[in-house]
1. Kindly express, to the nearest 10 degrees and within the range 0 to 90, the angle between helix 60-86's C-alpha long axis and the longest C-alpha principal axis of the chain.
2. Taking the mean number of other Cβ atoms within 10 Å as a proxy for protection, how do you rank 5-11, 29-35 from highest to lowest?
3. Pairs K29/K111; K15/K92; K15/K117; K29/K100: which exceed 31 Å Cα-Cα?
4. Give, as a single signed number, the net charge of other residues whose beta carbon lies under 12 Å from the beta carbon of A80, with Lys and Arg counted +1 and Asp and Glu -1.
5. What's the local net charge at L89, with K and R +1, D and E -1, over the other residues with C-beta under 14 Å away?
Amino acid sequence: MTFRFKDFPVYKLAKEFPKICFEYTRNSKISTFPNLVSQIQRACLSIVLNIAEGSVSCSDTEFARFLNISIRSVHEVVAAFDSASELGLITKEPAEDIEKRAEELTEQLSKFRNSLKVKSNK
């Protein structure tokens, strides 16, 4: 069995995102809020796992749906770090770094999704 998702550049990029997010949650006041840390971790892993799960879809339309879920999870992580910054749990610099990396990841996920042959509902 081949795990084709491992060859996708966007998958490789997505795997780096949780490492950075987890590091920021370990080294800040966020770590004193275990529910927030857990939410960030779940959302980060959802990005990677939905790319993998979608890669075995029967159609590009279905795969695109999984990539959309990954994109939503990226937005969730950004919102979590933005909220943490507003609450004084993390400085603005890490939140801005996460946002910058999230923009790049979202762009790559969107490009990959848009490259799929998705059937129109028309």
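1. The angle comes out at about 10 degrees.
2. The most tightly packed comes first, giving 5-11, 29-35.
3. In this structure, K29/K111 exceed 31 Å between Cα atoms.
4. -3
5. Spelling it out: positives minus negatives among the neighbours equals 0.
Just so you know, all these numbers are worked out from the coordinates, no wet-lab data involved. Predicted model only: the values in this text are computed from it and were never measured. No Cβ is skipped: glycine too gets one built from the backbone with ideal geometry, and neighbour counts run over all protein chains shown.
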